[in-house]
Structures are given as structure tokens and as C-alpha cells.
Amino acid sequence: MSSLNHRNPPFRAEHVGSFLRPDELLQVRHAWNDKKATDADLTAAEDKAVSQIVRLQQDLGFHGINDGEYRRHMFWGTFWSNLDGMEEIVGPDPEIFRAYVPDVAAFLEKNHKPGEAVVCTDKIRYSPAASKAHIEQIQYLQKILPKEKHDSIKLTIPAPTWYHLRYKEGKAYPKDVYKDDDEYFADVIAVFQKELLVLYDHGLRNVQIDDPNICYFCNSKMVEEFNNDPLNMIKADDLLAKYIDVYNKIMENVPQGLHVGIHLCRGNFVKSRHFTEGSYERIAVQLLEDLQVPTLYLEFDTEIAGGFGPLQHLPANKNVVLGVVSSEYPKLEDFDHTVARIYEAAQYIAKGSGKSEKESLNQVSVSPQCGFASHSSGNAVTWDDMVAKLKLVRRVADKIWPGEP
Ligand SMILES: [Zn+2]
């Protein structure tokens, strides 16, 4: 199992992955969608844009280098839809969704269908076709970066729980395929263990799993509605415990040397929309104590995420990357205030662990609260806003941890 207490990664100045796409790339992707550009045209545009965003990250002093998710339309990519046993359904019946799950609710309110609907139709099995895009994304970064930087290449992947919470009891998988959630998740765990091994074999040493669903359990309204849903055979907090157990089982088989982080946020959609809110307080023990993952990338940029108090539960052998700079809103945060917030967070960590504030700071990094473009259309910020935010993250890290990457 990969050890906790991991550093570099996470680096002191971090980011969560996706970056704004250049217009040129968006235009080629739209043309490709309309069959007016070839696969080769799209790849060439992606290669060019990825090279530029990699250079920018290096110029700005970031070390966990990512491809900006430029080869994806949405942050979750195409992994799930390419697994054996999973199928994308076009025009899904709205009745299959739990309408109170915050992102589903946001779409249904506007009479939109919830985004891409991928459901289990047969036994879920690992498929090389699912890994293909991830491997190609890593390989291009390996091609353009010097060998000594390969260990810090960061790949984001979707959560193992991604296609579960949104579906009503009995709709996430056919009952003749899996008799219950435990059988379903046993196969999902095997698939994710295999995927991480495959990525490791291709040289990946730094992975971030994006799991916005976990933050839904911070929202007492969603929890109440979940618990009042007569179809549900489990309470919301027990389901969260199950999800955490899924991660812990995956982690049992992670190769030594592969750094794993999980990113949580309350949604980060086109035009800077979020889906849910609520402090980490409700889930602090489960998230920080029970979840055996070295690093958490947590949203803390606005009041919808609450204060740092829950960090008292952070054990001394885990890292937290504090997302105190907003990727959703263009206004640049004040430098001194941002530095002060990091110290404030460290005080809470110290209070819980009994260690000094200085030792607690050693568990901390700083980043934007989410990516700048979870959806390829991007947030309501400009390129210059994004660069200014990234520079601020670097400056804050340099002030608190001078000389550290
Ligand atoms: Zn996020």
C-alpha cells in the first residue's frame, strides 16, 4: 500500500487540474463534433495547446504538471463509458435519477436532462479501451517533459463512486447482475485497482481522483431528503461510509510510490456554477480520519465550504491542499489575507493533533479550490484572471514555505 505522509507530491503550490482552453482548441473540438475536423486535426490542436499549458505551469513555478484536461470535454473523461459492463444511454428517463442529488436537481430544475448518463448493464470489468485515453495523456506529457520531471506528472481520474449516488435505488445496476451495492462495488474496486496498476506501469506517480459526490454529504438538506427517500435501503451517512470503504479497499493495492489524492468540491460548472454547499463538519471524521488516502484537495474559497474547524480531525500523517483561491470568481484574493488563512487552518490542525503550528504547516499546501474548466467551456474567468490566481498561489506558497516546490 502506498504510504501516507507523502510529500512532493503534493507540492506546496498545487492546482486541481483543468485549465481554460484556448479558443483555437475549442473551435477545433466543435468542428470535430460536427464532423468538420478530423481526429488528426483535433490531436494536433490538443498537442499544441497542451504544450502551451505545460510551459505555462512550469513558467509559473508549478511542479505537479497536468495537461489541463485539454483532451477531455468534461473532467471525468471517457474512462467509465469505456469499461465493459457500462453503457452510455442517450435521453435517459429522468425517473432513474435521485432528484435531490444536487447536480441532478440543478439540471432538472431547468428542465435539462442530467449530463451524460452512463449506467451499468452487465458485470463491470476493466477494459484496456477505458485506460487508453489516460495512457495517451500521460505519454504525451512524458514526451514533452524531461525525464526528471516525469514523476510529478499529475493525472486526474474520475471517482469510483461516480455512477452510483445519482441513480435511484435499483437503477445503478440491474438486479440480476449485482444483488446489492457490495457486489457492485467489489467489481468497481477491482477495476480501479487494475487501472492504477496500469497507470503506474506507464510511469504515473501522481494521481488525483475527482469526487464531488462526497461533498453532497456536507449538505444537510440532501442528507435529509436521502434519508426520507422510501426507496433507499441505507442511510446517507452509511452510504458515505461505504464510499470511504471503497477508497480504502482500492488503496490496499496501490503500488508503493504512487501518490494518490482525492479532490472534493461543491461543483464547478460552466459559468462558475456550484451545486451544493455546507461545511465539512458533517463528514469530518469520516473524511479526514477514516479515509486512508495521503492527500485531500479541499475547497475553502468561499463561505459555502464553511470554516477550517473540521481540520482538527486531520491526522498527523495526511496532507491537505487548501483551495483558498477561487477558480470560479475573477476577483483576485488579497495576498496577506490568503496567507493569514493558511496560518489559521494550520492552527486548527495543530489544535486537533497537539502538534505545533509549524509542524502542522508541514501537512499543508495551497491551491485554487477547483479546476478552471471542469467543463471544456470553462469558468467565468479570463485567461489573465487564471494566470493571476496561479501566480498568487505560488507567491503564497513561497511566503509560507520559502524555497519549497
Ligand atoms: Zn472541483
- Query: So how do Trp401, Trp383 line up by other beta-carbon neighbours within 10 Å, fewest first?
  - Reply: Trp383, Trp401
- Task: State the antiparallel share, in %, of DSSP beta bridges confined to segment 23-400, rounding to the nearest 5.
- Result: 25
- Item | When segment 101-192 is reduced to its Cα atoms, the Kirkwood hydrodynamic radius in Å | 15.9
- Message: Looking at the calculated P(r) for the chain, what percent of the C-alpha pair distances fall above 25 Å?
- Response: 55
- Message: Return the equivalent ellipsoid semi-axes of segment 256-405 as a descending list in whole Å, where each equals the square root of 5 times an eigenvalue of the C-alpha gyration tensor.
- Response: 24, 18, 14
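Quote the convex hull volume per residue of segment 366-405, based on C-alpha atoms, as a whole number of Å³.
It is 70 Å³ per residue.
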- Query: Of the listed peptides 175-186, 13-24, 133-144, what is their order by residue-averaged count of other C-beta atoms within 10 Å, with the highest listed first?
  - Reply: 13-24, 133-144, 175-186
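At 222 nm, what helix-only mean residue ellipticity would the chain give, in deg cm²/dmol to the nearest 500, using -39500 (n - 2.57) for each DSSP H run of four or more?
-12000 deg cm²/dmol
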- Query: What residue among Thr276, Thr156, Thr43 shows peak mean-square fluctuation when the chain is described by a Gaussian network model with Cα springs under 10 Å?
  - Reply: Thr43
- Any lysines with Cα under 21 Å of the Lys391 Cα? List them, leaving off those in the same chain fewer than 8 positions away. Lys149, Lys154, Lys331, Lys399
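Tell me, what is the Rg over Rh of segment 171-261, with Rh the Kirkwood radius over Cα pairs? Before the final figure, lay out each step's value.
Values: Rg = 15.5 Å, Rh = 15.0 Å.
Rg/Rh for segment 171-261 comes to 1.04.
With N set to the number of residues, divide the alpha-carbon radius of gyration of segment 164-320 by 2.2 N^0.38 Å and report two decimals. List each step's numbers first, then the result.
Details: Rg = 16.3 Å, N = 157, 2.2 N^0.38 = 15.0 Å.
Computed over Cα atoms of segment 164-320, the ratio equals 1.08.
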- Message: As an exercise, identify the trypsin sites (Lys or Arg not before Pro) in segment 243-350 lying in DSSP coil whose Cβ has no more than 16 other Cβ atoms within 10 Å.
- Response: Lys331
- For the chain, return all DSSP H helices satisfying: extent of Cα atoms along own axis at least 18 Å; mean Kyte-Doolittle hydropathy at least -1.0. 39-59, 128-144, 181-201, 236-251, 335-353, 383-400
- Going down the list Lys318/Lys351; Lys123/Lys168; Lys194/Lys235, which pairs span over 25 Å between their C-alpha atoms? Lys194/Lys235
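Read the figures in this text as sums done on the coordinates, not as results from a lab. In this text the structure is predicted, and so the values were computed from the model without any measurement. FYI the Cβ positions are ideal-geometry reconstructions off the backbone, even for glycines, and counts take in every protein chain you see.
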